[in-house]
Each structure stands twice: as C-alpha cells, then as structure tokens.
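Take a look at the structure set out below.
The values are calculated or read from the model by the stated rules, or taken from the named source; none is laboratory data. The structure presented is a predicted model; accordingly, all values stated were derived computationally and were not measured. Neighbour counts run over all protein chains shown; Cβ positions are idealised from the backbone, glycine included.
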Amino acid sequence: DLYLPLAQADEEVHNIIEKEAWRQWSGLELIASENLTSRATMEANGSFLTNKYSEGLPAARYYGGNEWIDELEILCRKRALEAFHLDPAKWGVNVQPYSGSTANFAALTALIQPQDRLMGLGLPDGGHLTHGYYTAKKKITASSIYFQSFPYALDPKTQLIDYEGLASQARIFKPRLIICGASAYPRDWDYADLRKTANEHGAFLMADIAHTSGLVAAQVLNNPFEYCDVVTTTTHKTLRGPRAGLIFFRKDLQNAEDLEKRVNEAVFPACQGGPHNNTIAGIAVALKQAASPTWKKYALQVVSNAKALASELVSCGYKLQTEGTDNHLVLWDLRPTGLTGSKVEKIGDLVGITINKNAVSGDKSAQTPGGIRLGTSALTSRNMLEEDHKKVAQFLHRTVQLSLQIQKEAGSKLLKDFVRVATGETESAKAVKQL
Ligand code: PLP
C-alpha cells in the first residue's frame, strides 16, 4: 500500500480531488481569499517532508534527523525576508504557523497578556474574526475570549476606516495592541496614522496583511513594515502559496530579543506542536516566485483587473463599497437590488461562478449579508486581463438579473424556496442551466 499511486490506492478520494480540480478550472474563481497555487508549490507541499517531526527551531529541535529540515526552514525564512524587502538585521520571521488564525493568536500571545485590551476593525466592517470579534450575545473567538477587545469602524459616509474615531475611542479604551488589516476592505491603509495612535498609548501595532501580502511584497500597496511592530499574513491568498501563516517581528525595538523569543515561543510550544515541513517547503517555493521579477507584473495586473471589474459593475448601475478598489478586492453592495448576498452566491454556484456573500457597511445583520465579495487573484493567475474581467462583470450582471427573476418566481424571502425555484422545472431554472 505504501507505494501505490492515489488513483489505485483510494479511488474515492482520487475522484473527489479530480472533481474539485475540474470545478476550480472549469469555473470562474472569484473568492477574494483564494488563488490558484503553482504546480511546483503543490509538489513541495505533497512531498516526503510530510513525514518529519521537528518541534523547535533550526539547530534547536526536540527530534533527531532534522539536518535537511533545518536547511529548509532557514531558506524559507531568508526568502520571506527577501520577498518583503526586509533587512535581516531589523526583521525576523517565524514560518511555522499552520494558518492565518493560529499566526494571529500566537502573535497576540506574544505581544500582550491575557485580558489585556486590543482594538481591531469590526467584522461587519471588513475585519477578521481573529481581530477580537464578539457579538452582543457571545464572545466568539479566542481573541475576544482571552483578551478584552473593542472594534473600530468605517466612517459610514465614506466607508473608509474612521481613523479619527479610532483615535478618540482609543483614548477611552487605552488598548495595549491595535490590529490593522482586513478580510473585506477594498482600500489601502494609513499605517502612519495608526502608528501615531498606538504611540499615544504605548501600544503595539500589528498588521494582518493576509489578504494583500502578495501586493505588499510587490510594493504596489503601502508598506506596513515601515510602521508596525509585528506583521502577520496567510500565505495562500494574493501570495499564492500553500495554506499557512507567517509572523514577522521587529528586531530593532527596545527589548527586541525578548520580542523574537516571545513570538517563537508563542508559536511553539504555546499554540502549536510540530511544524508542517511540507507546507514550509511550499511556502519557500511560493516566496521565491513572489521575489521574482515577474511578480510585480502579476500584482499590478491583479489590481488593474479589480479596477476593471469594479468599473464595469458600476457601468451596469451597481453600487460598490467605496465605489472602487485599490487592491485585489471589490465589495459589491447588492442591497439596492433587493437581493441578499446568499442568494446571488447560490446562483453563482449553479452557473460556475464562485463568489461569497459578505457584509457591507451598514448591514443590519451579519447573518444575512447584503453584499458579495469579489477578488481577482485567481483569474489573474490564469492570465486573464482587464477585458476578460469586464466580461466577468457582465456574467455577474446576468447572474443578478437571473437571481431577480428567480426571486420573483419564488415569491418568498426564504433561501430554500429560492433554491427550489432555481433548481426546479421553472422557466428561470431552465435559464440557469443555459447560462
Ligand atoms: N486574517 C485575515 C485578514 C483573513 O482574511 C483570514 C482568512 O480569511 C485569516 C486571518 C485567517 O486565515 P486562516 O483561514 O488561514 O486561518
């Protein structure tokens, strides 16, 4: 059994993988947090390295046999610093986090004490769960269970980060940590302003650039490393690597040695066990690509495609949050159409367009979000250009028109009735099948 290829060893799993590969390549992948990673990265990720235990750090492991793993981890760290144009005298990086969420929790563990105060962008305004999210009823994530958190928000008029509001709330809340970065924010960040606010309270400033790290590496967005103490990222979104996380930490602060030690110990043993060395190999391969001369071209194209997608949707009469984008992401406000994000996401699935429902600024409930989040990283990886993205916007327009027709026939606000009509024997169901 050890030597059989997957297709022979396990036909069921093999077939599922084949079906998913077909779904990814035959449809239009517009999920802003996804990308299509390279064959080389996937090869590294599915390699012999998966067999090895290597708790600890290079040259300080709890297991034998780590000669090559040490070489790999050192190479991966070097490439991470190179890809983000960082001076190894000033910045260090831990490449072991299993994902963005564990990277963030490890960073919080390193920077502040249990029950210390932190501020992050609220989830309904585009922030991530791990930035302190809680609801009126419940503390939802470890970042609000083990720390006291308070969300800052968007300015409802401009839908941009309300930096002044954040500064005045911080004067009352007195955070020990301010987190910037988002999962659904189509504009760039003013890190200098956030640094000023953090300094007023002697707080750490952490940027979570999970979504935009591929664009930050290409220097097509503002540079968080200039102002932040710690920068975390996932490796699988615009950065186009395997699913994992990275934590960058400053080495030139007062007590910097202490920060390096705290970050490394927060990852292991505080939050994780043995590193996933196969993934670290995949990250190293992706980082080499992100440091190559062609990467900037890719990143510029991602942004230019997002702008083309946004402007075509606007010409179709749609409303976008902030009316456009600076990055890979477009936040489409569907509320004026009377449709919810869930319904359009469903019809998208039926017609081979993969999108996700998302809250838009001012939504009453995060449970029934009024928008759709779109991203251009994956289609740009397939060499699609501005004209292609305009065509994609037209497909999205048809998807919405169809959704409106189905909603009319369903005669109910319920998603299950909507789906019944969309997949049944109705006229609109036939139209779905033809689209
Ligand atoms: N941080 C941000 C800003 C994200 O958007 C995400 C995921 O979407 C994460 C962290 C979490 O990453 P993961 O899903 O790898 O845990």
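Below is a table of values for the structure above.
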{"read-out": "Positions within segment 122-148 being within 14 Å of the ligand (Cβ to nearest atom), surrounded by 19 or more Cβ atoms within 10 Å (Cβ to Cβ) and farther than 18 Å from Asp229 by Cβ, in sequence order", "value": "Gly122, Leu123, Asp125, Gly126, Gly127, His128, Tyr133, Thr141"}
{"read-out": "Hey, Asp208 under 28 Å from Leu309 (Cβ atoms), within 16 Å of the ligand (Cβ to nearest atom) and modelled with pLDDT of 95 or more or not", "value": "yes"}
{"read-out": "Conditions (1) away from the ligand (no atom under 11 Å from the Cβ); (2) under 12 Å from Leu177 (Cα atoms); (3) touching a residue at least 60 places away in the same chain (Cβ under 8 Å): number failed by Gln115", "value": "(3)"}
{"read-out": "Answer from Ile172, Ile179 - the residue that is closer than 22 Å to Asp116 by Cβ and without any contact (Cβ under 8 Å) to a residue 12 or more places away in the chain", "value": "Ile172"}
{"read-out": "Unmet requirement for Val220, which otherwise passes all of (1) hydrophobic (A, V, I, L, M, F, W, C); (2) crowded, with 24+ Cβ neighbours inside 10 Å; (3) in contact (Cβ under 8 Å) with a residue 40 or more places away in the chain", "value": "(2)"}
{"read-out": "Residue count, segment 19-42 (criterion: farther than 19 Å from Ile355 by Cβ and either in contact with a Lys or Arg (Cβ under 7 Å, 6 or more places away or on another chain) or surrounded by 13 or more Cβ atoms within 10 Å (Cβ to Cβ) (or both))", "value": "5"}
{"read-out": "Any hit, segment 397-410, residues being crowded, with 17+ Cβ neighbours inside 10 Å and closer than 20 Å to Val303 by Cα", "value": "no"}
{"read-out": "Residue that is surrounded by the most Cβ atoms within 10 Å (Cβ to Cβ), among those in segment 240-260 that are in contact with a Leu (Cβ under 8 Å, 6 or more places away or on another chain) and within 23 Å of Glu29 (Cβ to Cβ)", "value": "Gly241"}
{"read-out": "Flag if Asn199 is of a type outside the set (Val, Ile, Thr), more than 13 Å from the ligand (Cβ to nearest atom) and touching a strand residue (DSSP E or B) at 6+ places or on another chain (Cβ under 9 Å)", "value": "yes"}
{"read-out": "Matching residues, segment 14-62, being part of a loop (DSSP other than H, G, I, E, B), more than 30 Å from Ala306 (Cβ to Cβ) and touching a residue at least 60 places away in the same chain (Cβ under 8 Å)", "value": "Gly46, Ser47, Lys52, Tyr53, Ser54, Glu55"}
